[in-house]
1. Could you work out the mean count of beta carbons from other protein chains within 10 Å of each residue's beta carbon in C:118-125?
2. Ignore the peptide's own chain and count Cβ atoms of other chains within 10 Å of each Cβ in A:216-224; give me the average, rounded.
3. How far is the Cα center of the stretch B:263-327 from the Cα center of the stretch B:331-367, in Å?
4. Which value, in debye to the nearest 20, describes the size of the charge dipole of the stretch B:190-274 about its Cα centre when Lys and Arg Cβ atoms bear +1, Asp and Glu Cβ atoms bear -1, and nothing else is charged?
5. Greater than 26 Å separation of Cα atoms is the criterion. Which listed pairs, A:LYS215/B:LYS291; B:LYS143/C:LYS76; A:LYS143/B:LYS76; A:LYS37/C:LYS215, meet it?
6. So if we plug the beta-carbon distance of A:GLN349 and A:LEU297 into 1/(1 + (r/R0)^6) with R0 = 25 Å, what FRET efficiency do we get, rounded to 0.05?
7. Please give the average number of partner chain Cβ atoms lying within 10 Å of the Cβ of each residue in C:31-44, rounded to a whole number.
8. Which one of A:ASN355, A:PRO141, A:ALA375 has its Cα pushed farthest toward the positive end of the charge dipole of chain A, where Lys and Arg give +1 and Asp and Glu give -1 at the Cβ?
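Values quoted throughout were computed directly from the atomic coordinates according to the rules given, and no laboratory measurement underlies them. Note that the structure is a prediction, hence the values are computed from the model and not measured. Cβ placement follows ideal geometry from the backbone for every residue including glycine, while neighbour counts extend to all protein chains displayed.
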Amino acid sequence: MNGELWGDLLRGFLSLTWGEGVMMMVGGILIYLAIVKHYEPMLLLPIGVGTILANLPLTGMTAGLRELQLHQPLPKEMGLFGVLYQAGIQNELFPLLIFVGVGAMTDFGPLLENPRLALMGAAGQFGIFGAMVLALAVGFPLKEAATIGIIGAADGPTAIYVATVLAPSLMAPVTVAAYSYMSLVPILKPPVMRLLTTKAERRIKMPYTSRPVSKTTRILFPVVATLLSALLVPLSAPLISMLMLGNLLRESGVVDRLAEAAQNELTNVVTIFLGLTVGATMSAESFLNWKTIAIFLIGLVAFVLDTAAGLLFAKLMNVLAGGTINPLIGAAGISAFPMSARVVHRFAQEEDFSNFLLMHAMGANTAGQIGSVMAGGVVLALLA
Amino acid sequence: MNGELWGDLLRGFLSLTWGEGVMMMVGGILIYLAIVKHYEPMLLLPIGVGTILANLPLTGMTAGLRELQLHQPLPKEMGLFGVLYQAGIQNELFPLLIFVGVGAMTDFGPLLENPRLALMGAAGQFGIFGAMVLALAVGFPLKEAATIGIIGAADGPTAIYVATVLAPSLMAPVTVAAYSYMSLVPILKPPVMRLLTTKAERRIKMPYTSRPVSKTTRILFPVVATLLSALLVPLSAPLISMLMLGNLLRESGVVDRLAEAAQNELTNVVTIFLGLTVGATMSAESFLNWKTIAIFLIGLVAFVLDTAAGLLFAKLMNVLAGGTINPLIGAAGISAFPMSARVVHRFAQEEDFSNFLLMHAMGANTAGQIGSVMAGGVVLALLA
Amino acid sequence: MNGELWGDLLRGFLSLTWGEGVMMMVGGILIYLAIVKHYEPMLLLPIGVGTILANLPLTGMTAGLRELQLHQPLPKEMGLFGVLYQAGIQNELFPLLIFVGVGAMTDFGPLLENPRLALMGAAGQFGIFGAMVLALAVGFPLKEAATIGIIGAADGPTAIYVATVLAPSLMAPVTVAAYSYMSLVPILKPPVMRLLTTKAERRIKMPYTSRPVSKTTRILFPVVATLLSALLVPLSAPLISMLMLGNLLRESGVVDRLAEAAQNELTNVVTIFLGLTVGATMSAESFLNWKTIAIFLIGLVAFVLDTAAGLLFAKLMNVLAGGTINPLIGAAGISAFPMSARVVHRFAQEEDFSNFLLMHAMGANTAGQIGSVMAGGVVLALLA
Amino acid sequence: MGSTLWQGLVITVTGMGLVFLALGILVLAMIALDRLFRPKAEEALETGASEEPSAEEVVAITVALASLLTREEARVGDRQLGSALRDGPGAWSIVGRGQHLSVRKSRRA
Amino acid sequence: MGSTLWQGLVITVTGMGLVFLALGILVLAMIALDRLFRPKAEEALETGASEEPSAEEVVAITVALASLLTREEARVGDRQLGSALRDGPGAWSIVGRGQHLSVRKSRRA
Amino acid sequence: MGSTLWQGLVITVTGMGLVFLALGILVLAMIALDRLFRPKAEEALETGASEEPSAEEVVAITVALASLLTREEARVGDRQLGSALRDGPGAWSIVGRGQHLSVRKSRRA
Ligand code: NA
Ligand code: NA
Ligand code: NA
């Protein structure tokens, strides 16, 4: 019996597969990127830890996870990650709660001061659809292709939410790709910006007239945005409404306790759970295949297409507006906030240090947040 | 197919019913009352948002909610509000957690300094039973009548808790009525106080002898109160015990971390969920009918009866005590805290600026909190 | 009917059994120990409250609790404690979440400065196994004996976790014994230390060379510790990985928001739930029997054996290391942190005020935390 | 009168009876607790006496607090549940205590 | 071209159309909100004028903020989601507003 | 001796063996980590030397900390889990470091 016991106890080492070892290295790389490279550490650190833990053999921590993803009967004993997946991923609760926090942190002021910037946030979603078509061309079935396209939303919770509905098995690589490229925005955007704009365009100055926005407008905006989006694209309602609920808590001024709880307590605790559980779905069989490589490549294209479409649309607007719009701010119309706006601002300053595009870029950037959520809802409406 | 798609996508606007539109306006009014009129914004703002969201068509956010309320088989996919209803309303978890926070915020000192004030908190519950009889007379069945009566508890979590057990379909209007009239305490109480007291009574001064209450008494009080209440009315145990658990965390002095967590993290996060979900039960069919109008009218009577009964009982006590009790403090014996005590104090000061009833009114007010929870348990014991 | 009603309403008092009364007194004693004697108040206060509430008759608060413990079909209506037990005890979620917080609060620096101290944390787990053998000798079946032994881990969440898996009916007495003796560390350890060491040994000074530990080491330590433990003893993975996740959040330096949320929001709220629910399992039938007395006696032996084994092992190390190790630090190699280290430090100072063992004792103490979790996993691996 | 209405009246009487009974017992319990665990009474009294402010002080406090109250009055609209519970009785209770001292003083005088 | 690919193109056109439609309507809504609830414009303008810094002040602010920016630039790596969202636009937006004032000034001059 | 008891002894030996094995490997891992990622040792040593307090300073620190300790001793009852974990080693570890410096000093002297 003793020998048997020791045999049992070495089972951990012995049963470690090649794939699990590689996945643990992937988890280690994510942790490295989070800590050393500061790539979205709030999410990539827990995801990396979850990846390592889920690939350690015989721990029982993922019990029930696969059954939940495949809608199969659940085992009698659920592991920690099965419990968390059931509590907040399968029912889409965690990403929606994160959105309440994001909304409570977002100031739509720059957008309200300059409403037409909202269109930049529409153009910046082209990468979603372009990447979807590319994924279809490569051979992915429609729902998987759309899930891959959602990387172009440049938005973690949206990606998790849409993937949970359309293709749960792709949730992990799609989410990791989205967060990775969001971190790489300062590297990915400038070359595209340089390629698609002329020096003259880059030097266009946009005078910033800080128009006061009334408190009433700030309070009504989240309500109106929710109503319009939800009536037009009902399946975008969960995402957009939680984002706007958070913003209403913030702007109402009468429930600061709740707004702060949404930004802090709720967001922090849910972020830990969300990251761990997304990481826990990174099994060798779902991650170590050509699909993942394709996902990362197509995701890269999605980010480039986002930027390009935003720029080209802004160029069009510039022509229509008689040369008063700097096309660079079109590149800020994605969800990754506030990096996108900053990258655009700094890029413009490299041409002319006296050019301050920041507030306009911020407006386009918050429009990109709304646009990406809208696009997520549109994808669900067209495919779910 | 394209035409079909567009047809699909306009379904949101097209399928909006008259009732849903009205309910969204009701939600808007609640938000307006919360933000502009400062009517219990912590609850009415989330309730208003929940009302609007639940009445937007085709969003799927309320999937499972009706089935939970009617104890029918659940759909495979639950919406956000179904998830939250199952997580904390159906099992009565959320209102109980709120009570832990309320207990941790409540100082029973003024009551302990003047124990006989506790009787005011009993008299102030008469509105519950008076309104129940009125609802019976109007034709409501017994359980619904009792649920409507509970508006007279002037206490949101108690109303939600009792309604969940006795008549879930009335939870939303009863809760909204309770919170609305709690906000209207400064308007509702003064006329009744003026009507039922003489000028001489209103000018009675109650010297405030700040008797020190020992730490031991403060610590033992929540334990003793729980034991007595739970032995006498077992079904009041969940409510009263969570209120007193919070108070024990506060008064023990050894677990400040936990007391603060109960007051802040726990209360804030649960308040958002609770408000949203209560609002989400406000469907057109459950709200837009004569019942709701009746509920609001009877609820108004409940508040008036609470005040009247408290005043009359205090007048009786004043006679028995040889004119040393200002009958006005009887009007503070309801749960709405601390508005009730303040309204009484200010009303007395209008007669005589040198009259300070605040501490006595506070004692009666905290007694009203205990009394309302006891009354909620009594109603459940007699009817559940 | 009226008479019947009053009869019903006195049922609370009338149906109170002798056993329930005694259990409520036990709950009262726990609250007393928590508040007056400061015995682990964060846990013993909620446990005491839970004990009282669960033994009040007819409240319905424990509905479903027994069924969950015995894996029987659940009742249609769950009570508060049934809900909490299902939400976080049965699936072992709450103790694991507590470990994330503990890890975020723990500084492994003193251990990393002096790695060989880790062995003290192994020796200090002997009480677990010694007590298990004693429990077997007394007649307990194997799984119950191991659950009783786990008192020797001197660690609340580990005890709850292991008991939930091996013998849920013993969870409450085992947990209460563990927390009680952890509080009694300052009383239990000194006699054993005096008995097993010579005056000369107690006066050995250990120069403290504050070697700098690199940030890289601090960050890699939790990852490496998780990998090694989980590969060697897979069933220790949930416990050790959550402890080390918390520590990684802390040491990474890039997610301070999450580390603070783990230490505060998460830990505080879960502690309230965990304590209440553990207390709620303290029914008269499960607690008022010879087993409980045996559990407390054997648990006491476990703590003494922990200390003795730690001391003797440190004496052996001292011999091997040529007299440079003060055997007293071996007594700090258990999980109860930081009391164990402080008791050792003060005991050494009573012999020689100039002797400062604190940092070495802290190292052994944190090693004891890891050792106890490892031992818990080993027990599960050998018995589950 | 319908039987349901009669049932309602029975419930009203029983219910109010129970609520009064429960809170009445609680009154007794509070009095008992107070008797058993009263802080040494003489000491407290003496300290109270020595800490009692002079007439001038009372006037000063009253004026200061009255202005505080007025400002709070204006804010009362947004002092619902949230802030009210967070702050506890706050300035109000301080005022109450201050004024009561004054009342007691004037009575004795 | 396969039918799936064609379906993809249809979805792309429909999808981008919807996104533009939704955000376009939002633009109209924002403009309407602004028209309806604009803060009294003249007042704001006047205040703005009187609050506009002098040329020297603009220079001083710009220098100060530029140095602030430089330091922030260095920290940008660890200013991901967490801190960025917590802080809001922070120094950046202050700088933006400062500089824009300066730009406007110079244009007018 | 019953077979269950024998099983218990086997589990004891196996269990303690495993625990020692696991922590032993952890010791090796920690030593390896330390070797691989030790902060530049000389620098640290030098800095340490230059930062070492003079004898007078040690005395002063010791006295100050001793009094701190005494007060902490008195409070130790209510410094269980909660505060202890929150505060970390706190004054105790400062004292430890201070005193150790002193011990090292006196040995060398
Ligand atoms: Na987004
Ligand atoms: Na109440
Ligand atoms: Na431990």
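1. On the way: counts 10, 6, 1, 4, 11, 4, 1, 5.
Mean number of neighbouring Cβ atoms from other chains: 5.
2. 6
3. When both Cα centres are located, 17 Å separates them.
4. With Lys and Arg at +1 and Asp and Glu at -1, about 660 debye.
5. A:LYS215/B:LYS291
6. 0.20
7. Numbers: counts 5, 1, 0, 4, 9, 5, 3, 7, 3, 4, 11, 9, 5, 3.
The mean count of partner-chain Cβ atoms within 10 Å per residue comes to 5.
8. Final value for the positive-end residue is A:ASN355.
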